[in-house]
Amino acid sequence: MKDNLNVGSKFPSLYSAAVDNGVVEKHCYDNNVGYCNAYGGYYPYYEMMNYSTDPKGICPSGWHIPSDDEFKTLELAIGMTQAEVDAGGARGNKAGVLKTGGSSGFDFLVAGKTYYGGSGFLNSEGYIRIRGGGMRVVTSSLSSIFSQSGYDDRGKSARCLLD
Ligand SMILES: [Ca+2]
């Protein structure tokens, strides 16, 4: 899926914490649903996984949240080395291939994020969560694709992969 996921209801505020309440909820940049429509929603990790170990998470039927290994498969396909994809932090120099307008067609959007009570980095940094925790990160200026862990409670972009 080449667009960031944008399903669910907007949390009341940027301070809203994810709750297993039977309702899929998202944060939007600046708490403005117009940004969700343009850039996709931001999801805390467990909200994205629908409080389940089912890979489907909050994806439509027939789709699932990509794992770290599935993301590595993509990274190998765009020319990164095995050593690069197995590393943490800043990896390789292929971010331009994944980002919007890049030759992969993946269109990794530099869509920003939310943190507790705020939103930021729109058009500066982009994040896609992976199943099992952590995320990939690209920036507007750096050529590396970053692999980062933590921040499960913050709002980050999500993608779905065809089963
Ligand atoms: Ca919820």
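Read the figures in this text as sums done on the coordinates, not as results from a lab. These figures come from a predicted structure and were not determined experimentally. Methodologically, a virtual Cβ is constructed for each residue, glycine included, from the backbone with ideal geometry; neighbour enumeration extends over all protein chains shown.
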TODO: Neighbouring Cβ atoms within 10 Å as the yardstick, rank Thr139, Thr114 fewest first.
DONE: Thr139, Thr114
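Please report the antiparallel percentage of DSSP beta bridges with both residues in the chain, rounded to the nearest 5. Don't skip to the end; give the middle numbers.
Details: 20 of 25 bridges.
Given both bridge residues lie in the chain, the antiparallel proportion sits at roughly 80 percent.
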Open item on the list: Give me a comma-separated list of calculated 3J(HN,Hα) values for segment 44-50, in order, Karplus coefficients 6.51, -1.76, 1.60 applied at θ = phi - 60°, integers in Hz, x for any Gly or Pro.
Closed with: x, 4, 6, 5, 4, 8, 6
Task: Net charge dipole size for segment 1-128 [Lys, Arg +1 and Asp, Glu -1 on Cβ; Debye, nearest 20] - done: 280
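Based on the Cβ-Cβ distance of Thr100 and Asp153, what FRET efficiency does E = 1/(1 + (r/R0)^6) give at R0 = 25 Å, to the nearest 0.05? Walk me through the numbers on the way to the answer.
Values: r = 27 Å, r/R0 = 1.08.
The formula returns an efficiency of 0.40 here.
Determine, for the chain, the count of lysine pairs separated by eight or more sequence positions (or lying on different chains) whose alpha-carbon distance falls under 15 Å. Don't skip to the answer; put the middle values down first.
Working: Lys2/Lys99; Lys10/Lys26; Lys10/Lys113; Lys10/Lys156; Lys26/Lys113; Lys26/Lys156; Lys72/Lys94; Lys113/Lys156.
Going through the chain pair by pair, I get 8.
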- [ ] Apply the Karplus parameterisation 6.51 cos²θ - 1.76 cosθ + 1.60, with θ equal to phi minus 60°, to every residue of segment 99-107 and state each ³J(HN,Hα) to the nearest whole Hz, in sequence, with x for glycine and proline.
- [x] 6, 3, x, x, 5, 6, x, 5, 6
Task: Helix 68-77 vs. the chain, principal-axis angle (Cα, 0 to 90°, nearest 10) - done: 40
